[in-house]
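In what follows, a structure is listed as structure tokens, so that the remarks can point back to it.
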Amino acid sequence: MSSGRKAGRRAILQAWFAAGVMGVAGTTLAQGRSRATELEITPSCGNDEAPTRPQTEGPFYSAGPPAKTDFRSDAPGEPMVLLGFVLGTDCRPIEGARVDLWHADADGRYDNRSFRLRGWQASDARGRFGFETIVPGLYPGRTRHFHVKVQRPGGPVLTTQLYFPDEPGNRRDFIFDARLLMEVRRVNGARIGRFDFIIG
Ligand SMILES: [Fe+2]
């Protein structure tokens, strides 16, 4: 892993959290990338959105994960940034929402003894969150996925899963739900997954 690529991912997250109107699009354009790599820095939703669909927690959640946004030292794998907004059904950003992420390593294994590839963060004043991690591996019976819990301060917990577009296993996984597909792009050698949560 080159330090340049690591710096690129860091720049993407820094741009994501920066308040400037250029945001992530500005970063990628400044580095000579095509417009196809731009990420929308504003949420695309109306004023009466359906809440994000819940899904099963699965057998591998561990209570009490640490506050952590960078999982890259937890396990080797293809780098990935997962980012997005936490919004209410009125499309307003939710500050301080807890976004709890856990997923398999590149070999499809969960760490059930410690908190590798597990952690949570609070959304910022504009409802944004962003993790630096790796692409989860496959394990028998499931397509590629992230597990998440999202909770506004004092609110109910949304437990769900996020999926990758164009993943062959999506068609065979009976838990898969196309409404939970991330928008995934490749920027600076990393996959960037975008998903905006709508919570009640
Ligand atoms: Fe899983």
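The values are calculated or read from the model by the stated rules, or taken from the named source; none is laboratory data. Worth saying up front: this structure is predicted, and the values here are computed from it rather than measured. Using ideal geometry, Cβ is built from the backbone for each residue, glycine included, and neighbour counts are taken over all protein chains shown.
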Residue hits (the stretch 106-118; surrounded by fewer than 21 Cβ atoms within 10 Å (Cβ to Cβ) and either within 11 Å of the chain's Cα centre (by Cα) or on the phi < 0 side of the Ramachandran plot (or both)) are Ala106, Asp107, Arg109, Tyr110, Asp111, Asn112, Arg113, Ser114, Phe115, Arg116
Those residues of the stretch 124-141 which are out of contact with any strand residue (DSSP E or B) (no Cβ under 7 Å at 6 or more places or on another chain) and either in a strand (DSSP E or B) or among the charged types (D, E, K, R) (or both) amount to Asp124
Problem set entry | Filter result for Tyr139 (more than 10 Å from the ligand (Cβ to nearest atom) and hydroxyl-bearing (Ser, Thr, Tyr)) | no
Over the stretch 160-196, the set of residues more than 16 Å from the ligand (Cβ to nearest atom) and among the polar types (S, T, N, Q) is Asn188
From the option list Asp105, Asp100, Asp124, single residue qualifying as within 13 Å of the ligand (Cβ to nearest atom) and not hydrophobic (A, V, I, L, M, F, W, C) is Asp105
Residue under question is Gln121, and the condition is that it be in a strand (DSSP E or B), surrounded by fewer than 21 Cβ atoms within 10 Å (Cβ to Cβ) and at pLDDT 95 or above; does it hold? yes
Considering the stretch 51-79, residues that are among the polar types (S, T, N, Q) and either within 16 Å of the ligand (Cβ to nearest atom) or touching a Leu at 6+ places or on another chain (Cβ under 9 Å) (or both), and then whichever is nearest to Cys91 (Cα to Cα), we arrive at Thr52
Exercise. Return yes when Gly96 is surrounded by fewer than 21 Cβ atoms within 10 Å (Cβ to Cβ), assigned to a loop (DSSP other than H, G, I, E, B), in contact (Cβ under 8 Å) with a residue 40 or more places away in the chain and on the phi > 0 side of the Ramachandran plot and no when it is not.
Key: yes
The residue that is surrounded by the most Cβ atoms within 10 Å (Cβ to Cβ), considering only those in the stretch 124-141 that are without any contact (Cβ under 8 Å) to a residue 40 or more places away in the chain and of a type in the set (A, V, I, L, M), is Leu138
Here the residues within the stretch 142-200 that are touching a residue at least 40 places away in the same chain (Cβ under 8 Å) and assigned to a helix (DSSP H, G or I) are Arg179, Leu180
task: Confirm whether Arg152 is over 15 Å from Lys68 (Cα atoms) and either crowded, with 16+ Cβ neighbours inside 10 Å or of a type outside the set (Val, Ile, Thr) (or both).
output: yes
